[in-house]
1. What is the number of the single condition among (1) within 15 Å of the ligand (Cβ to nearest atom); (2) acidic (Asp, Glu); (3) crowded, with 19+ Cβ neighbours inside 10 Å that ASP88 does not meet?
2. So, of the residues in region 328-365 that are away from the ligand (no atom under 16 Å from the Cβ) and either among the acidic types (Asp, Glu) or modelled with pLDDT under 95 (or both), which turns out to be surrounded by the fewest Cβ atoms within 10 Å (Cβ to Cβ)?
3. Regarding GLU183, is this residue more than 16 Å from the ligand (Cβ to nearest atom) and without any contact (Cβ under 8 Å) to a residue 40 or more places away in the chain?
4. Going residue by residue through region 292-312, is there one that turns out to be in contact (Cβ under 8 Å) with a residue 12 or more places away in the chain, within 16 Å of the ligand (Cβ to nearest atom) and of a type in the set (Asp, Glu)?
5. If you take the residues of region 12-71 that are in contact with an Asp or Glu (Cβ under 6 Å, 6 or more places away or on another chain), assigned to a loop (DSSP other than H, G, I, E, B) and modelled with pLDDT of 95 or more, which of them is surrounded by the fewest Cβ atoms within 10 Å (Cβ to Cβ)?
6. Please find, among PRO316, PRO320, the residue that is part of a loop (DSSP other than H, G, I, E, B), modelled with pLDDT of 95 or more and touching a Pro at 6+ places or on another chain (Cβ under 9 Å).
7. Can you say whether ALA390 is among the aliphatic types (A, V, I, L, M) and within 16 Å of the ligand (Cβ to nearest atom), as far as the supplied structure shows?
8. Take region 265-291 and flag every residue that is away from the ligand (no atom under 15 Å from the Cβ) and either among the hydroxyl-bearing types (Ser, Thr, Tyr) or within 23 Å of the chain's Cα centre (by Cα) (or both).
Amino acid sequence: MQPQAPFDSAHFANPYPTYARLRAEVPVHRVALPDGSPVWLVTREADVRALLTDPRLSVNKAHSGTGYKGFTLPPALDANLLNIDPKDHLRLRRLVSQGFTPRRVEELHGRVQAAADRLADGFAHRLTIDDTADLVTEFANPLPLIVIGDLLDVPEKDRRPFSAWVGTMLAPEHPGQVAEAVESIHRFLLDLVALRRARPGDDLLSALIAARDEGDRLTEDELVSLAFLILMAGSENTQHLISGGLFTLLEHPEQLAALRADPALLPDAVEELLRCAHPNQMAIRRFPTEPVTIGGVTVPPGDTVLLCLASAHRDPARYPDPERFDIRREDKAHLALGQGMHYCLGAPLARMELRIALGTLLRRFPDLCLAVPAERLRWRASFRSHALAALPLARSPEVPYRCGLAGRTGTVRLVGDAAHPVPPPDSGRHVRA
Ligand code: HEM
């Protein structure tokens with residue numbers, strides 16, 4: 001097997017050149033993952049899109065041959081939507097989907113905005129004290145954790161540890177850490193379910209426990225696994241897209257300026273960020289249940305297939321000038337939230353959180369800039385998730401502006417608004433109206 005995808009630190013920081021090379025060579029490559037397991041990597045958009053909904057590809061590990069390693073999860077974490085057959089999938093998805101309809105999500109708007117405002121206050125405070133602040137720690141990581149933690153009524157003290165264990169599981173510093181992280185997650189979820197069972201509330205987890213206890217609609221393993229998937233999926237990708245999204249905007253000042261000038265472009269900007277900067281590089285691994293021919297190559301049953309979403313999004317056969325980040329791009333379709341029966345359950349919530357998070361940051365901090373050169377940013381050591389480990393930001397001393405009507409340019413020290421007044425001059429903060 002050729003080492004076609006390097007999966008080294010250069011790749012983690014910028015995976016797109018590798019994808020471009022692989023995409024141009026052949027549609028499907030046999031590559032070795034860092035743990036040595038062989039997979040078929042599919043890189044072209046037309047193939048990725050078709051295979052996402054191909055019933056011959058199963059997400060159920062029971063269909064995997066001997067080559068797949070992946071995570072070794074106890075049954076109580078593994079009986080989730082991303083590892084089961086269509087019949088059980090439909091039953092479980094129906095049970096949880098009521099919690100994530102666009103209407104239910106819209107009802108959360110005020111709470112998400114309030115959480116974003118609170119975190120922005122803390123971020124501003126940290127900037128004032130230290131001159132620089134890490135957006136990941138202060139804002140991007142906690143926001144989705146607060147939102148999904150509140151939905152499932154997870155005690156606040158447990159949220160950061162949960163997020164840290166998931167981070168370790170997905171991108172361990174050494175492989176030995178994974179089993180320990182999985183064990184901690186498992187124990188935490190069993191305790192959480194026991195706690196909610198003893199003291200039910202009107203949260204989603206209590207509703208799922210009631211569904212379990214009312215009949216045979218949910219096994220105990222399915223219940224715990226669902227809580228695991230919702231907590232993990234609800235916090236992981238969104239946090240990385242908040243930090244990666246802001247980074248992408250800072251790297252494209254003309255796009256950032258257009259967005260600041262017309263905040264109505266925010267939903268479009270979020271869709272373009274989902275195409276260009278979404279963290280989850282691959283869809284969940286899939287296993288053919290019968291021979292499947294992809295671009296002339298026949299993949300046998302039981303082999304592992306990885307559909308590379310991030311590569312599909314940069315395929316010139318699908319998107320004109322795909323490397324260009326353009327928030328006004330007309331064709332906004334993408335696969336970042338999946339497609340078909342596994343389409344992201346949290347898509348309306350993810351979109352709302354991204355709009356609120358980025359909108360709040362742009363409104364509150366018109367003068368942010370990178371505190372270190374982009375080449376020195378640390379990225380997670382993961383081929384699955386293109387994610388910043390930290391995003392140190394500072395305030396630029398002066399903010400360039402263009403006066404729309406007169407067309408004048410210059411620099412300006414900024415003024416506040418009623419909700420966010422400018423602090424005293426010696427505090428070091430300056431806010432644009
Ligand atoms: C920007 C943020 C997000 C991205 C990019 C994202 C992406 C995805 C993708 C690509 C899939 C399909 C995986 C596959 O078919 O292989 C998926 C599934 C899923 N996502 Fe998300 N997601 C995000 C946020 C969320 C949130 C906030 C939740 C909250 C609950 C969530 C819950 C789920 C669940 C439960 C599934 C499995 C659905 C199923 O199998 O039926 N996701 N997500």
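1. Exception for ASP88: condition (3).
2. Applying the filter and picking the extreme gives GLU330.
3. When the stated conditions are applied, GLU183 passes them.
4. no
5. Among those residues, the one meeting the criterion is ARG56.
6. PRO316
7. no
8. Residues satisfying the conditions are LEU265, ASP268, THR289.
The values are calculated or read from the model by the stated rules, or taken from the named source; none is laboratory data. Just so you know, these numbers come straight off a predicted model, no measurement behind them. Note that we place each Cβ from the backbone using ideal geometry, even for glycine, and neighbour counts take in every protein chain shown.
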